[in-house]
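Okay, so here's the structure we're looking at.
The values are calculated or read from the model by the stated rules, or taken from the named source; none is laboratory data. Keep in mind that what you see is a predicted model, and the values were worked out from it rather than measured. Quick reminder, even Gly has a Cβ in these numbers, built from the backbone with ideal geometry, and neighbours come from all protein chains shown. Calculation scope for accessible area: heavy atoms of the full protein, side chains included, ligands and nucleic acids excluded. Shrake-Rupley method; radii C 1.70, N 1.55, O 1.52, S 1.80 Å.
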Amino acid sequence: MITEYRDVQLYSERGVPDHTDGPPVRRLYHRGQGHSGDRPGDCVTCGRDVASFLHSLRVGVTESCTTTSTTVTPTSGGTAPPCLQWRDVLVLYWDDVSDQSGVVKGLEELGIPVRVMKDADIEDVATARSDVVWVSRGDRVCGLERKVVVCLQDLRFDLYNSVRLHLMSRSTSQLVVVSPV
């Protein structure tokens, strides 16, 4: 994608190491007992696994936001970081996902407020007006970023690493990859 098709400009050496302050990439796998279908997007168990991870991040929890983060006193001039909200999470896939897909059902079963993006929802998704986890084809939200991005990998569509380039690069803090292998 970079060298052959020039979809991305070549990087130049900066002379300093690249590093991030964020958490490591979380990998979940579409394999083992209870998993069904050929792809993570078809699998209820994968949806449940993603939901469990989101709950472990305390997404949507509001009553104890400041007790789980570093408390900052008013005299220090700062404020405690806000809790993650459902609107901070985006689930991306390279294929169409329906309201009846396994991953959506699994998220719903564990109490995640989830909606599959339709054409009429683009403004709501872009502005994060609704406090829900949006599920979308990655190419429909190019350039949109969220704090937590869940990437449902599908090896059929991972030609030339386009999933990494177009879907995984949307995360500003926590990236979750659900891989079929």
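Of all the residues that make up the range 145-162, how many are at pLDDT 80 or above and either surrounded by fewer than 16 Cβ atoms within 10 Å (Cβ to Cβ) or over 23 Å from His55 (Cα atoms) (or both)? Break it down stepwise before answering.
We begin by selecting, within the range 145-162, every residue at pLDDT 80 or above; these are 145-153.
Now restrict to residues that are either surrounded by fewer than 16 Cβ atoms within 10 Å (Cβ to Cβ) or over 23 Å from His55 (Cα atoms) (or both): 145.
Number of matching residues: 1.
Select from the range 107-131 the residues that are part of a strand (DSSP E or B) and of a type in the set (Val, Ile, Thr) and list them in ascending order. Walk me through how you get there before you give the answer.
From the range 107-131, those part of a strand (DSSP E or B) are 114-116; that's our starting set.
Hits for the range 107-131 are Val114, Val116.
Are there any pairs, at least 6 apart or on different chains, whose C-beta atoms fall under 9 Å, with the first in the range 48-59 and touching a residue at least 12 places away in the same chain (Cβ under 8 Å) and of a type in the set (A, V, I, L, M, F, W, C) and the second in a helix (DSSP H, G or I) and open to solvent by 50 Å² or more (accessible area, probe 1.4 Å), and if so, which?
Pairs found: Ala51/Glu108; Ala51/Glu109.
Sort through Val25, Val16, Val59, Val8 and tell me the only one that's surrounded by 13 or more Cβ atoms within 10 Å (Cβ to Cβ) and either modelled with pLDDT of 95 or more or closer than 23 Å to Ser171 by Cβ (or both).
Residue meeting the stated conditions: Val59.
Could you count how many residues in the range 132-146 are in contact with a Pro (Cβ under 7 Å, 6 or more places away or on another chain) and assigned to a loop (DSSP other than H, G, I, E, B)?
Count: 1.
Select, from Val97, Val104, the only residue that is touching a Gly at 6+ places or on another chain (Cβ under 8 Å), hydrophobic (A, V, I, L, M, F, W, C), open to solvent by 20 Å² or more (accessible area, probe 1.4 Å) and outside any strand (DSSP E or B). Full working, then the answer.
Values: Val104 fails: open to solvent by 20 Å² or more (accessible area, probe 1.4 Å).
Only one candidate qualifies: Val97.
Please specify each residue of the range 120-143 satisfying the condition of being surrounded by 15 or more Cβ atoms within 10 Å (Cβ to Cβ), among the aliphatic types (A, V, I, L, M) and out of contact with any Ser or Thr (no Cβ under 9 Å at 6 or more places or on another chain). Before the answer, list the steps.
Of the residues in the range 120-143, the ones surrounded by 15 or more Cβ atoms within 10 Å (Cβ to Cβ) are 121, 124-125, 128, 132-138, 140-141.
With the extra rule that they be among the aliphatic types (A, V, I, L, M), the set shrinks to 125, 128, 132-133, 135, 141.
Within the range 120-143, Ala128, Val132, Val133, Val141 meet the criteria.
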